[in-house]
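I have placed the structure first, in the form of C-alpha cells, so that the comments after it can refer back to it.
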Amino acid sequence: MDSLLSMNKVFISKLNGILEDNYQNENFGVSELAEVANISRSQLHRKLKLILGLRTSEFIKLFRLQKAHTLLKNNVSTVSEIAYSVGFSNPSYFSKCFYKEYKCTPGELKHKLSDQETVQSDAPSNLKLLLKNFVYNKHIFLGQFKIKTYKVLILLLLTVAIPLLYNSLNVSNEQLTKSIAILPLDAKTNLMNEEILSNGIHEGLTSSLGKIIGVRVLSKSSSLKYKNSKMTKKEIIKELGVDFLISGNIDYLDTDSLNLNLTVHKSNLLDSEFQTFTYNAPIENIIYVQNKASKSIGQSIGLIKESEYLEVGHNNRKVNKEAYKNYIRGMYHLHKSSQKDFDKGMQFLYKAVDEDPAEPLAYAGLAYGYVILGHSAAENSNVFGKAKMLAKKAIQLDSTLLEAYAAIASINIYHDRNWAEAEALFQHLFLKNPSMSNVHYDYAWFCLLLGEKEKALKHHAIAEKLDPTNTKYLAWGAWMEAYYTNYKRAMEKAEMALLIAPKNGVAHSVKGFIYWSQNDTTKAMKCYNRAFELSPKNASLIGDFYAKTGDLEKVNNLIEEAKGWPKSPWKNWTLAVLYANLNDAEKSVNMLETDPKHAFVAWAPALSLFDDIKSHYKFKSFVSSLDIPIRTKSALANNLKLKISLLEQ
C-alpha cells in the first residue's frame, strides 16, 4: 500500500513539474500533457480519476487556478493579466472558474488581501540557507564554480534584493480593476465642428480617467460604433464587457461657456443608470472640468474617496480657447488614415502653437505626429529628432503631460536606441496611466526585441483590449502571434482585422506566412500578392516568399523596382531585406545602416527575414553595435556566469 501511494505521489509530482514549465501556454492542454508525460490520454485520464478524482482538464485547470491564486494574493498585476499569464485566454471564463473553486471573484480576493498582505518572496529562506553556509563553510559550489561564500552573498544581494525592491515599488502599477467605456458625446455648438468637439473632450476624459489607479478605460475608437445606436445601455455594457459606461452631452455656447452632462451607467442595475454629473465653465477651464469629472466618476464607482484623491498628474491649468480648439482639430485629423488628413492635422497643431506658444498639448500633439511620420514611407529628415525636441518642450511646460513622455519612450526604442531610458519611461507611464493603449503596444515590441515573449504577448493583448477595433493593433497582433508560432490565434486576429479593414496589407501578409508555414504555397502566394497589390511597402515580404520558393529572378526584379523609389526609410529597409534574401550580407547591412533608417532596424536580428545572413561577420558586427540588452533565459544565464567569473577575478 505504501509503495502504491509513493508511486502515485511520484506520478502527480511528475505532472506538476510538467505543468510548472508549460502552464503559461494556453495551448498546452490534455493532449500536450499526455505527450510530454509519455502516456496515452485515456491512461492519463484513468490514473488522475483514480488518484485525485479529477479529469485531466480539471487537473490542469486547478493547477492554473492555484498559480493565479498565489499571484492575486501577492497583488502582482491585474486580474486580466494574471488570467493570461496562467494560460487562460478569456478573463471572464477565468473569473467564473476562479469563483467556482474559491467562492470569491479574483477582484474580491485582491481587495480583501490588499490591506493585509504584502508581496512575499523566497529571499528570506534563501538568505537563511546562505547564512547557514556562511557559518559552516568558507566556500559553496554553484555548478562547477567553487566560490567564497561572502562573494555569493554580494551576488545574491545584487541579483535578488535589488529586483525585489524594484518590483515592490512597481507592484501596483497596473491594477486595472474596473473597466469603463465612454460613449460618443452628443455635442451642440455653432462655434466649431461638433464631431471634433465631441472627440476632443472624449479624449480628454479618457486621459484624465486613466490616471486614476484601478481604472481601465477603453479607447474612444472602441465605442464609436455605438453612436446613435438603438441598443440599451445594459446591452452595450454587456457587449463591451465593461463594468461601467459613461454617456453624456456637451453644449458649447456662443458665449464660449461649456455645459457638460455625464451619466455613469452600472452593469448590475436594472435601469443601468447610476449617477449623473453636470459641469458649467468657460472653455478656458476645460482641463479642470475633465479632471473634476474623472474625480467624481472615480468616487461614484468606489475607487477613490475624497480624502484619498490627490491631483498628482492632474494639472488644472487654463487654456487659450483658440489654441485648444486648434489642438483638438489637429488631433482629430491626425487620427485619420489619409495623408491629406495627416497634413491638415499638423497644420492645425502648428496654428495652436501660433495662438499660444506656451500650450503644451500642441507640442505633444506635434511630437506624436512626427513619430507617426517616422514610421511612414514618406521621405523625411530627422523627424524623430524633431519629435523629441517638441516632446521635451511639452514636458517643460507641463511635467504631468504623459502623452509627451510616451512620445519620448517611442523615440528611444525606434530611433535613439536608448534602452535604459525607454524602460524607465515605460514603467513611469504604466504607473501614472495604465490605460494608454499606444504605450502597451510600443512596450510589447520592445519586449519582443529583448526576447521577453510572455511580456510581449501580454502587453500587446492589453493594447488590443483597450482599443479592440484598432486594425493596426489587430494586424500586428496577428503578426506577433505568428512570430511566436501561435498560428491559430494569429489567423483569428488577421481575419478580424480584415473584417474591419479588408485592405489591411499586414493582415494579408500574416495569412500568407501562416499558409506558407502549413506548406500551402498556393494560398500563401495569393495572400502575399494581395498584400503587395495593396502597398508596394510589402515588397520585402513577398520578396522573402519568392526567395523561399527559389524564384530569385523575381527578388532581383523587386530590387530594381525598389531602387527607383524616393529616398525613405521604407526604401532602405526593403532593399536590406531583399539583399538578405539573396544572401548578400554586405549590401543588406549597408542598407540597414543607411539614413534615413527604418524604425524597425533594431529588430533585424530577431526577424527570420535576415536568417540567411545572421552568421556573417558583417551582420554580427551590426547587431553588436545595437547593444540590445537581451533578456532571454539563456542570455541571463550567460550574464550570471559572467558575474560569477568577475567576482572570482
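A few remarks follow.
- Looking at the range 220-296, the trypsin sites (Lys or Arg not before Pro) that sit in a DSSP loop and have at most 10 other Cβ atoms within 10 Å of their own Cβ are 230.
- Area accessible to solvent at residue 417, 1.4 Å probe radius, in Å²: 70 Å²
- On the beta carbon distance between residue 275 and residue 453, with R0 = 51 Å, the FRET formula returns roughly 0.75.
- Eligible lysines near residue 567 by straight Cα distance, threshold 20 Å, same-chain separation 8 or greater: 386, 537, 587, 597
- Bridgeable aspartates and glutamates around residue 344 (alpha carbons under 20 Å apart, same-chain partners fewer than 8 residues away excluded): 194, 195, 203, 322, 354, 355, 356, 359, 379.
- Gain on full stretching of the segment that runs from residue 8 to residue 618 - 0.36 nm per residue minus C-alpha separation: 214.0 nm
- Shown in residue order for the range 230-244 are the 3J(HN,Hα) couplings computed by the Karplus curve 6.51 cos²θ - 1.76 cosθ + 1.60 at θ = phi - 60°: 8, 5, 6, 4, 5, 5, 5, 4, 5, 5, 7, x, 10, 7, 9 Hz (x for Gly and Pro).
- Residue-span extension gain [residue 55 to residue 350] - 0.36 nm each, minus C-alpha spacing: 99.8 nm
- Cut-off under 5 Å, modelled amide H: who pairs with residue 179 long-range: 216, 243, 244
- Where trypsin sites (Lys or Arg not before Pro) fall in DSSP loop in the range 448-504, at most 15 other Cβ within 10 Å: 503
- Since only 405, 445, 387 are under comparison, the one whose Cα sits farthest along the positive direction of the charge dipole of the range 347-449, derived from C-beta charges on Lys, Arg, Asp and Glu, is 445.
- Cross-link pairs beyond the 23 Å C-alpha cut-off, checked among 220/432; 340/554; 321/351: 340/554
- Order by protection proxy (mean Cβ within 10 Å, highest first), peptides 395-402, 506-513, 429-436: 506-513, 429-436, 395-402
- In straight-distance terms, cross-link reach from residue 100 covers every one of the lysines whose alpha-carbon lies under 22 Å from its own, apart from those fewer than eight places away in the same chain; here that gives 49, 61, 67, 73, 110, 112, 178, 238.
- At R0 = 45 Å, FRET efficiency that the Cβ-Cβ distance of residue 595 and residue 315 yields, to 0.05: 0.75
The values are calculated or read from the model by the stated rules, or taken from the named source; none is laboratory data. Because the structure is a prediction, the values reported are computed rather than measured. Cβ coordinates were reconstructed from backbone atoms using ideal geometry, including for glycine residues, and neighbour counts include every protein chain displayed. These accessible areas exclude ligands, DNA and RNA; they are computed on the full protein's heavy atoms, side chains included. Shrake-Rupley method; radii C 1.70, N 1.55, O 1.52, S 1.80 Å.
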